[in-house]
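Written out below as structure tokens is the structure these notes cover.
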Amino acid sequence: MGNHGQVTPGTYHHGHHWKNAHEEFEGAKQGMWVFLVTEVLMVGALFVGYIIFRAMYPEAFHEAHKLLNPKLGLLNTFVLITSSWTMVLGVSSIQRGQVSRCLAYLMTTVGFGFVFLIVKYFEYSHKIHEGILPGGLYTYKELAMDKVPLFFSLYFMMTGVHAFHVILGMGLITWVMLRVKRGEVSKQFFTPVELVGFYWHFVDLVWIFLFPLLYLLG
Amino acid sequence: MLFREAYALGLPSQGTDVAVIWDHLYLFLLWLSVFFFILVVGGMLYFAVKYKKSSGAKPKYIVDNHALELFWTIVPTILLLVIFGWGWSVYKKMVHAPTNAMEIRVIGKQWLWNFQYDDGRVLTNEVYVPQNVPVKFVMSSEDVIHGFFIPNFRVKSDVVPGMFTTIWFEAKQAGEHQVFCTEYCGASHSLMLAKVKVLEADKWEAFKRGKPVQVTGAKPEASLTQLSLPEQGAKLVAAKGCNACHNATGDAGGIGPTYKGLFGHDVELADGSTVKADENYIRESIMTPTAKIVKGYNPVMPPFQGIVNETEMNAIIAYIKSLQ
Amino acid sequence: MANDHNHDSSHGHHYILPDGVAFKAFAALLVLTVITFALSFVHLGSLNYVVGMLVACVKATIVVGVFMNLRKDDPSNTVIFASGFVFLAIFVVLTSTDLLFRGNVYTNNKPIFKAIAGPSKFKKPWEPTPELVAHGKDVFSQQCVSCHGAAGEGNGPAAAALNPHPRNFTQDAGWKNGRKPSQIFKTLKEGIAGGAMASFATLPMDDRWALSHYVASIGPNILKDETADLAKIGVDPTKDSAGSDAAPSVPVEWAMKKLVQEAGAGSGKQVVPGASDSLMHYGDRLDAATFSKQKP
Amino acid sequence: MAHANSTSHGSNYLNHEKGLWSWLTTVDHKRIGLMYLATVLTYFLVGGIFALLIRLELFTPGGGNLITAQTYNRFFTYHGAIMVFLVIIPAIPGSIGNFVLPMMVGAKDVAFPKLNLFSYYVYLAGGIFATLALFLGGADTGWTFYTPYSIRTSGAVILVVFGAFIAGFASILTALNFIITIHKLRAQGQSWSRLPLLCWSLYATSVIQILATPVLAITLALLIFERVFKIGIFDPALGGDAVLFQHFFWFYSHPAVYIMILPAMGVISEIIPVFSRKPIFGYKAIALASFGIALVAFIVWGHHMFVTGQSELANFVFSLLTMFVAVPTGVKVFSWVGTMYKGSLTFNAPMKYAMGFIELFTIGGLTGVFLATLPIDVHLTDTYFVIAHFHYVMVGGTIMGFVGGMHYWFPKVTGKMYNESSASVAFWLILLGFNLTFFPQFIAGAQGMPRRYWSYLPEFTLMNQLSTIGSWFLAVGFAWTAIYMIRDARKGPKAGDNPWGAGTLEWQSPSPPPHDNFPVDPVVTTWPYDYRGIKI
């Protein structure tokens, strides 16, 4: 008798140390929320660094943020919000047992993830080509004010960590789609889809704060 | 550590008035801690003896006592706030330098201290200050974080690259006071020592006019002129911080090459070529060390331009010459 | 195992988010994003900042409340998630009590600028203005007095030991690079090869221009820079600022290339073994002065 | 299949499955606890050897008698990094916590057993990275990795930093497991006020781990990016701020010292009432104090940075807030001594270690008040006074609690009883050795001897020689403890299911406990510290 829930199509045998399946799912969900707190703190520390440096060097950061392209940022925000929406629809369709609809929604979500990364790729390659790089590698001639490279160190770290989490999220969604296809995840046991949904929404949440902070307010 | 007379309970001697009021707070905390230690650990041992099971003690069912618990929560809080208040009053005196303080620029770099007076004079690992005159050190670092600590004056501050930090003191005790580096800064962190030399008023005037001065209480160092050239070189090499990386023992494992057996011999450089170690080679390696880098050593030596003048250079070369 | 296995097949009661509610939330998020974007063009000063963050918080609450279903969930999850932000707030507030309240360090009752070069404060610094010359005098007393003396006659306390003797600014004779401000600026940036005049490239650019104008003003007659002189040192007079050339330290690879040329070692491998990481250590020793020395 | 009788040692978690593979792939929290214990003790040995080498070098003033400066700097970095990241943070939560917490709440296992095994392997991976660094050039930055030196120096700093980065995740996963276990898997009838105090302490520790460790993760990641891509956030030469690194670092590292001490306090709160045969004094106050410490832990980190160029306002704020740390800690110590009042005391090894804990931790705590007071810290910080202070609270606190806990749960884990007289010899060796090692350092520190010094001035010779001699006694004490514990684990006399007459749930199951912890799901009816009904 495995310690964790063994899933045979149709019925779900909850882990033997849990009282019942409902307790186990609630436990898993709360565990996910605790994990999301650690993500909040990790990404949040970067925001703290940004807020403090912006407060120390407002004019340098204002000049530097003009080099960012707000239109691409806006496009990415729309992309991520739509992907959050399709993710939610995916979760509710698996809860209703509509497997094919769920797979379709999850597929679109991953698709939007790719769109986001492609837009990110353009932004990064444009900057690297121009020489707008973090810290010591900054060789962009037009704007040579002091502390501008520091802005781009923070920009590349924050958007880089976020992009890394987007890639992780897309991997998780693909993994959960396989489990749905194999029938392991179903109407009775949809927790994996729900929790991967939480992770994706969190990634979108980070971008919701990142976009105005870096692109618009500067 | 020039203790002169070690103060009670191992504290260093009191070089300034701030040190006196500091010691009062320190001793208050010390006796308060001894009292609480006896209260807690003494109480514990007393209970251990009195309520031993083997002496027939029966356990009494007590769960808690709100009055007592409230008591030992509030009283420590009040006590701690008192300590904080007293501490803040002492701290204000320690950090706010009087506006008329004499300023000296201190530059910390890997493994030596440079002191720059207003008239431009630079001293390495030693600084002369007048007695009973407030002196303010404005400090910055050229490479990594160092820490500037004068135990006798109870002052300490990190020396951080990219920003200025300051300490101030009004030395009461003439004589030498030890300075330590207290923020880990690399291989010779523990050799990055300096001395604050406090001079009486007349000696201070003599020093300002550039005359050599004998510091009270310090070992009478023969003034430079009475020493032979190699002995002067030896003293300078120690004073200028060279011994932090180089040595005269012949051990090649240091951060910089050894002086022993250097003069007149061929030196293999990093780029494969070899050059004879003559006066010009030694002068150039001191003034602009990056010009020729010896094989197997990292090019980390700072330029000593403006720190080692011509007379000192001749003494150092003579000293190295004497180490065959 | 003693305990039995109840085959609890269903999830008991669980809330499925109706598609209608999901769409309304999605629409709200899109609208709010457009509002944020539009607001960024309206210039409200610091208020701009507050509004931007408020809208972001509203959007975040929608995502967390509706999409992540915290509305209908066990309230302890909300407490857990909110605690993350509380401790972030503590982190920001207490760290900024240090970084934002350091204030300047005062010397001779004047605040000295932070050791790191701040953004250039003077427009077109290559044009002499009384304010620049005064700032030049101030920097001169801190940096140049030890060799060139208080009045610039080249008789500072350290001058006796220097060979060749430091320049006497009050006379016209003996200037290697010339007495025009742009030429003095070049000397300040690169130092003089073979002499005791080190490079002062680590000084912020404004200080160096100010010094150039002050030193030029000591001399018998004040010479003017033409655009040709300025072009020689890469300054385009039409622009406001000449960019900052005082890179206190340079990218490691570029430095490595430079060191190899300087040591005349042909290919990279003959440089000091293990030079790459020692170079990192060497990085902070690197300043423009080292590169200015042409091999004699 | 019901158990024949609870005392037969037929099937228990040790012989439930056989073979190394069954251990390496176990999801049983008891086995994972033992694996954590083995790895932690190995690293404790490695860290201890570096400590002995450092003390040997410092036997004489002026460096170079045993090792060169660079080697010495690497040794104190390894001693610090290994002891902090790989020994003292995972020690009690990883080994005792994993083994005892699920049993104390009457559960069959932690909430996520597979995650628990994963956390052990993440911890092991972190440890291996750090150990690898030892052979590939090592790091000489000190365990605090202060920039810009940690950016500039050569050597395998990235490996050590990456090792600590990985080990941090193990600590997050363990904390996550414990929080959900306590929330969701408590036995029937076990209300919050019937939860043992070790569970309260581990709960508070887990909250700190969840909220602090991620900031360490991002800080160490930024440091790696600094070294590789020169991003310059913490490098003043590239426009960053070195003191900001210290804020990021200590925002984790001060709560981390409470991650270290809280579990040990939990163990002491379990041991003292059992050997006084009297309920713990002020149960609610101690449980509340655990949470008080967990909250105050997050607002005081600036007291590590009073002299690093921090603004006066920050010094004022952090010094004032640090004063409040002593209050909940004081409540706990007074309550423990209060528990012994009018008790019926027996002095088995766990009780000796608990009393040793109180003696050493009181000195550590009181010297903490010195360092919290702003002007006093200006003189004493970065000297050997600070070294003595944190060894008194870390070794005198956490390690004494850990060794005391190992003796207290020894019968439950192994089913055998350790030898009391051997334990007594080891205890006195450790207590005297510890005091002889670290008390002279208080005096050397007050005189102004800076920390991390390879060569010191002759004035400090006596104190350092006393300290080195003390370190030998300490080493012998710990070595002897290891020997007799291994010996008695194999050949010791059989121990009953509840040799101490304790009231917590784990003592209601046989020793060593079966795979599923309890023959019958336990129902909690009484408060765990009411010993009137229990006969020894």
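Bear in mind that the values in this text are calculations on the coordinates, not laboratory data. Owing to the predicted nature of the structure, the values given are computational and were not obtained by experimental measurement. Quick reminder, even Gly has a Cβ in these numbers, built from the backbone with ideal geometry, and neighbours come from all protein chains shown.
How would you rank B:MET287, D:MET83, D:MET265, going from fewest to most other Cβ atoms within 10 Å of each one's own Cβ? Let's see the in-between values first.
Values: B:MET287 17, D:MET83 24, D:MET265 30.
Going from sparsest to densest Cβ surroundings: B:MET287, D:MET83, D:MET265.
Angle, helix D:420-447 long axis vs. longest principal axis of chain D, Cα atoms, 0 to 90°, nearest 10?
That helix lies at roughly 20 degrees to the long axis.
In whole Hz and in residue order, list the ³J(HN,Hα) couplings for the stretch C:29-45 that follow from phi through the Karplus curve 6.51 cos²θ - 1.76 cosθ + 1.60, θ = phi - 60°; x for Gly and Pro.
Those phi angles translate into 5, 4, 4, 5, 5, 4, 4, 4, 4, 5, 4, 5, 7, 7, 8, 10, x Hz.
So for D:SER11, D:SER335, D:SER311, fewest C-beta neighbours within 10 Å to most, what's the order?
In increasing order of surrounding Cβ atoms, one gets D:SER11, D:SER311, D:SER335.
Rounded to the nearest 10 degrees, what's the angle between the helix A:99-130 long axis and the longest principal axis of chain A, both from Cα atoms, 0 to 90?
With both axes taken from Cα atoms, the answer is about 20 degrees.
Sort C:TYR15, A:TYR57 so the one with the fewest other Cβ atoms within 10 Å of its own Cβ comes first.
The fewest-first ordering by Cβ neighbours comes to C:TYR15, A:TYR57.
Across bins of 5 angstrom width beginning at 0, how are the C-alpha pair distances of the stretch D:402-453 distributed, in whole percent?
Answer for the stretch D:402-453: a P(r) of 4, 16, 17, 16, 12, 10, 10, 8, 6, 2, 0 percent.
Taking only the alpha carbons of chain D, what extent do you get along each of the three principal axes, in Å, biggest first?
71, 48, 45
Which pairs, out of B:LYS156/B:LYS240; B:LYS292/C:LYS186; A:LYS29/D:LYS416, put more than 29 Å between their alpha-carbon atoms?
Exceeds cut-off: A:LYS29/D:LYS416.
Based on the Cβ-Cβ distance of C:PHE85 and A:LYS187, what FRET efficiency does E = 1/(1 + (r/R0)^6) give at R0 = 30 Å, to the nearest 0.05?
Taking R0 as 30 Å, the efficiency between C:PHE85 and A:LYS187 is 0.30.
Taking every DSSP beta bridge with both residues inside the protein assembly as shown, roughly what % is antiparallel (nearest 5)?
Of those bridges, close to 70 percent are antiparallel.
Quick check: residue separation of C:ASP74 and C:TRP175 times 0.36 nm, minus the Cα distance between them. What number comes out in nm?
Full-extension gain reported as 28.2 nm.
Given the pairs D:LYS278/D:LYS352; B:LYS93/B:LYS219; B:LYS58/D:LYS30; B:LYS93/B:LYS211; A:LYS19/D:LYS30; C:LYS137/C:LYS180, which are separated by over 26 angstrom at their Cα positions?
Correct reply: B:LYS93/B:LYS219; B:LYS58/D:LYS30; B:LYS93/B:LYS211.
What whole-number value in cubic angstrom gives the convex hull volume per residue for the C-alpha atoms of the stretch A:6-217? Walk me through the intermediate numbers first.
Details: hull volume 25.2 nm³, N = 212.
Dividing the Cα hull volume of the stretch A:6-217 by its residues yields 119 Å³.
Let me check the size of the stretch B:8-95 from its C-alpha atoms; what are the radius of gyration and Dmax in Å?
19.7, 60
If I model a spin label at D:THR461 and C:THR227 as a point 7 Å from the Cα along the Cα→Cβ vector, what separation in nanometres do I get?
7.7
Answer with one residue from D:VAL274, B:PRO76, D:TRP250: the one whose Cα lies farthest towards the positive end of the charge dipole of the protein assembly as shown, charges on Cβ with Lys, Arg +1 and Asp, Glu -1.
Toward the positive end, the furthest listed residue is D:VAL274.
With n ≥ 4 as the cut-off for DSSP H runs, can you work out [θ] at 222 nm for chain D, using -39500 (n - 2.57) per run divided by the number of residues, rounded to the nearest 500?
Working: 19 runs with 332 residues, N = 536.
Here the helix-only value at 222 nm equals -21000 deg cm²/dmol.
Let's test the formula: R0 of 25 Å, r as the Cβ-Cβ distance of B:GLN214 and B:ASN309. What FRET efficiency results, to the nearest 0.05?
FRET efficiency, B:GLN214 to B:ASN309: 0.70.
Could you run the Karplus curve 6.51 cos²θ - 1.76 cosθ + 1.60 with θ = phi - 60° over the stretch D:212-228 and give me ³J(HN,Hα) per residue in whole Hz, x for Gly and Pro?
Couplings: 9, 4, x, 5, 5, 4, 5, 5, 5, 5, 4, 5, 5, 5, 4, 6, 8 Hz.
Using only Cα positions of the protein assembly as shown, each an equal point scatterer, no hydration layer, compute I(q)/I(0) via Debye at q = 0.05, 0.06, 0.08 Å⁻¹ and quote the log10 values to two decimals.
-0.42, -0.61, -1.05
Taking the square root of 5 times each eigenvalue of the Cα gyration tensor, what semi-axes in Å does the equivalent ellipsoid of the stretch D:361-489 have, largest first?
Whole-Å semi-axes of the equivalent ellipsoid: 33, 17, 9.
With a ≥ b ≥ c taken as the square roots of the eigenvalues of the C-alpha gyration tensor of the stretch D:208-294, please select rounded if a/c is under 1.5 and otherwise prolate if a/b is larger than b/c or oblate if it is not?
prolate
Taking 1 over the mean of 1/r across every pair of different Cα atoms in the stretch C:19-99, what Kirkwood radius in Å do you get? Walk me through the numbers on the way to the answer.
Details: mean 1/r = 0.0675 Å⁻¹.
Roughly 14.8 Å, rounded to one decimal.
May I ask you to list the aspartates and glutamates whose Cα is less than 18 Å away from that of B:LYS235, ignoring any residue fewer than eight positions away on the same chain?
The reachable aspartates and glutamates, counting only those whose Cα sits under 18 Å from B:LYS235, are B:GLU126, B:GLU176, B:GLU221, B:GLU310, B:GLU312.
Would you kindly give the portion of the calculated P(r) for chain B that falls above 35 Å, as a percent of all Cα pairs?
Taking all Cα-Cα pairs of chain B, the fraction more than 35 Å apart is 40 percent.
Quote the convex hull volume per residue of the stretch B:102-208, based on C-alpha atoms, as a whole number of Å³.
84
Along the Cα→Cβ direction, 7 angstrom out, place labels at D:LEU132 and B:LEU81. What is the inter-label distance in nm?
Here the answer is 5.4 nm between the modelled labels.
Can you tell me the FRET efficiency between A:LEU178 and D:PHE118 if r is taken as the Cβ-Cβ distance and R0 is 22 Å, rounded to the nearest 0.05?
With R0 = 22 Å, the Cβ-Cβ based efficiency is 0.65.
Please state, as a whole number in µm²/s, the translational diffusion coefficient that the Stokes-Einstein equation yields for the stretch B:214-324 at 25 °C and 0.890 mPa s, with Rh defined as the Kirkwood radius across alpha carbon pairs.
Working: Rh = 14.7 Å.
Value of D from the Cα-based Kirkwood radius: 167 µm²/s.
Would you grab the residues whose amide H sits under 5 Å from the one on B:ALA171? Only those 5+ places off in sequence or on another chain, please, with H modelled 1.01 Å from N.
Here the answer is B:ASN132, B:VAL133, B:VAL135, since their amide H atoms fall under 5 Å of that of B:ALA171.
For the stretch D:91-246, take N as its residue count and report Rg(C-alpha) divided by 2.2 N^0.38 Å.
1.26
Can you give the angle from 0 to 90° between the axis of helix B:310-322 and the longest principal axis of chain B, with both taken from C-alpha atoms, to the nearest 10?
Its long axis makes an angle of about 90 degrees.
Averaged over peptide A:71-80, how many Cβ atoms belonging to another chain are found within 10 Å of each residue's Cβ?
2
7 Å from Cα along Cα→Cβ at both D:ILE49 and C:CYS57: what's the point-to-point distance in nm?
5.5
Where nothing but the Cβ of Lys and Arg (+1) and of Asp and Glu (-1) is charged, how large is the charge dipole of chain D around its Cα centre, in debye to the nearest 20? Mind dumping the intermediate values first?
Details: 29 positive and 21 negative charges, 244 e Å.
The calculated dipole for chain D is roughly 1180 debye.
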